[in-house]
Amino acid sequence: MKENEMIYDIAKAVSPTYAGDYNFDMEVAVKNAFDYAEKFVAEYKRRTAAKTKSKAKGEVAVAQDGYERFREWFNNQVSVTMIPTISKLTDSRKAALKGIFNEYGKEKVELAIRKVLASDFLTMEWGKVSFDWIFKKANFIKILEGNYDNKPDSTQQQSSSRGQHRNPTAYDLAREILGESSDRAGERQPTV
């Protein structure tokens, strides 16, 4: 009898014609319950699709990927310098960034960004540095080689305070862009 009562409750919720009548056809009640469930699922899918369309139109915040998080991290890093922030990572920027990560590795990208931020010439004086300039291969190599490092007589305290990184690090974001797990055993993160 317990099973009949459960089905009766489902059928009652689905079709008010069964209310108060324990002598109904169980197969019809179950069929009606399944029909109702199918309609509910179809309505849910319709509403979910409408939400997805509104996300595509920008009405709802879009989920971030590794590139978007790197863009935000980069903008945060350069916000205290004269280096312009970037509003969008285009396909060509993504390709350049991924190419640099693949060729030089996460540690070198982190080092290059720290060197740029520590360089008085690049962050304050020259005025031609941008994301695109930094991640152009020829310039990236020069940064790593120290061509833009401060001269020994520069004030070390000023440059070192700009060179400190914030969480997440470029290393962490590179791992996300390259699709690597963040908890890989034995992998050493660079220290700053």
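Only the coordinates and a few stated rules stand behind these numbers; no lab work does. Computed from a prediction, not measured in an experiment: that's the story for all the values here. So basically every Cβ, Gly included, is an ideal-geometry build from the backbone, and we count neighbours across all protein chains shown.
See the values below:
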read-out	value
Pairwise label distance in nanometres, Asn76 with Thr90, each label 7 Å out on the Cα-Cβ vector	2.6 nm
Modelled FRET efficiency - R0 22 Å, Arg69 with Lys136, Cβ distances, 0.05 increments	0.50
From phi via Karplus (6.51, -1.76, 1.60), per-residue ³J(HN,Hα) for region 76-89 in Hz, x at Gly/Pro	5, 5, 8, 4, 9, 10, 8, 6, x, 6, 10, 8, 8, 9
Ordering of 123-133, 104-114, 65-75 by packing [mean C-beta count within 10 Å, highest first]	104-114, 65-75, 123-133
In sequence order, calculated HN-Hα J values of region 128-134 (Karplus, 6.51, -1.76, 1.60; Hz; x Gly/Pro)	10, 7, 8, 4, 4, 5, 4
Selection from Ser87, Gln77, Met124 lying farthest towards where the dipole of region 66-177 points positive, charges on Cβ	Ser87
